[in-house]
Amino acid sequence: MTNSKYDVTVIGSGPGGYVAAIRCAQLGFKTAIVEKYDSLGGTCLNVGCIPSKALLDSSEHFHNAEHTFKEHGIDINKPKVNLKQMIARKEEVVVQNTQGIDYLMKKNKIDVFKGLGSFVDKNTIKVNPKKGKASELSTDKVIIATGSKPSNLPFIKLDKKRVITSTEALILKEVPKNLIIIGGGVIGLEIGSVYARLGAKVTVIEFLDSIIPTMDKTMGRELTKSLKKLNFEFH
Ligand SMILES: Cc1cc2nc3c(=O)[nH]c(=O)nc-3n(C[C@H](O)[C@H](O)[C@H](O)COP(=O)(O)OP(=O)(O)OC[C@H]3O[C@@H](n4cnc5c(N)ncnc54)[C@H](O)[C@@H]3O)c2cc1C
């Protein structure tokens, strides 16, 4: 059943989708956004940029308490990691940010539909919510902003327990003793830094001849030096 008519429907509410939706609304188009997950903001806000930066921040405080306070003349007892609290704080940061997107949608009068979006035809988008009935949106234009997923490797089984992606690494229950990271790109090195600061032995396996291989080689060299200070091993 077609129940709404829009000028633009955006599928996916990550930084690509929500920014496009806001711009469309600002330009005077009646705009809808469709998101299959419970909260808006996509990978970046829910399991990417924001939670990883929250953990980087917390782990840096821990690292400083353990290694640099003394030289500043601050004597404390040996700090202990409370990973449960660290992860809980990260969740709070995520909620604040995703609620910010809810607010932006309201402020710009963008209708939000929660559910899996799919094409019925070029002017009709079906929204299948987790619970309840599907609805159909009639739309003049569609913006597909469905983002990406962590890639899989053919030689290893991702069981999401021992062999995990960055998403599971953001909700670990304990600091692993050893963490092997396949791929020395920004995401792997960021997650590796968090757990190295919290006490894990981190080993990075990179196929190319330097880490962050898509960036300037000198940056890769400098980053290697500073990560080695955190006891990172590179292969
Ligand atoms: C750990 C980590 C750290 C990162 N750190 C940074 C950083 O510091 N800086 C930076 O610039 N980038 C960072 N990134 C990358 C960044 O998250 C992505 O580049 C960004 O999220 C891409 O935005 P997007 O809108 O294209 O897609 P996404 O953010 O992936 O959003 C796509 C959305 O579409 C939804 N969707 C998909 N299919 C459907 C469908 N059929 N119906 C309804 N909804 C659907 C998904 O549920 C998702 O919410 C990081 C990524 C990770 C994993």
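The values are calculated or read from the model by the stated rules, or taken from the named source; none is laboratory data. Computed from a predicted structure; not experimentally measured. Here Cβ is always computed from backbone atoms with ideal geometry, including for glycine, and neighbour counts include all displayed protein chains. We work out accessible area using only protein heavy atoms, side chains counted, and drop any ligands, DNA or RNA first. Shrake-Rupley method; radii C 1.70, N 1.55, O 1.52, S 1.80 Å.
Values computed for the structure shown
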quantity: The chain: relative contact order as a whole-number percent, Cα under 8 Å and 6+ apart; calculated: 23
quantity: Note, ³J(HN,Hα) from phi for the stretch 68-78, Karplus 6.51, -1.76, 1.60, rounded to Hz, x at Gly and Pro; calculated: 10, 4, 4, 5, 8, x, 10, 9, 10, 5, 4
quantity: DSSP bridge pairs, the chain: antiparallel proportion in percent, nearest 5; calculated: 30
quantity: Normalised convex hull volume, the chain, alpha-carbon set, Å³ per residue; calculated: 174
quantity: Surface accessible to a 1.4 Å probe, per residue, for the residues of the stretch 1-95, Å²; calculated: 56
quantity: Distant alpha-carbon pairs in the stretch 121-235 (separation over 21 angstrom), percent; calculated: 53
quantity: Kirkwood hydrodynamic radius (C-alpha pairs) into Stokes-Einstein, the stretch 1-139, 37 °C and 0.692 mPa s, D in µm²/s; calculated: 190
quantity: Mean ellipticity per residue at 222 nm, deg cm²/dmol - from DSSP H runs of n ≥ 4 across the chain, formula -39500 (n - 2.57); calculated: -12500 deg cm²/dmol
quantity: Loop trypsin sites (Lys or Arg not before Pro), the stretch 72-137 (other Cβ atoms within 10 Å of the site Cβ: 11 or fewer; DSSP); calculated: Lys80, Lys109, Lys122, Lys130, Lys131, Lys133
quantity: Mean Cβ count within 10 Å, highest first, over the residues of peptides 27-33, 205-211; calculated: 27-33, 205-211
quantity: Longest to shortest principal axis, alpha-carbon extents of the stretch 16-70, angstrom; calculated: 58, 23, 12
quantity: Most mobile listed residue (Glu92, Glu71, Glu174) in the chain, GNM with C-alpha springs under 10 Å; calculated: Glu71
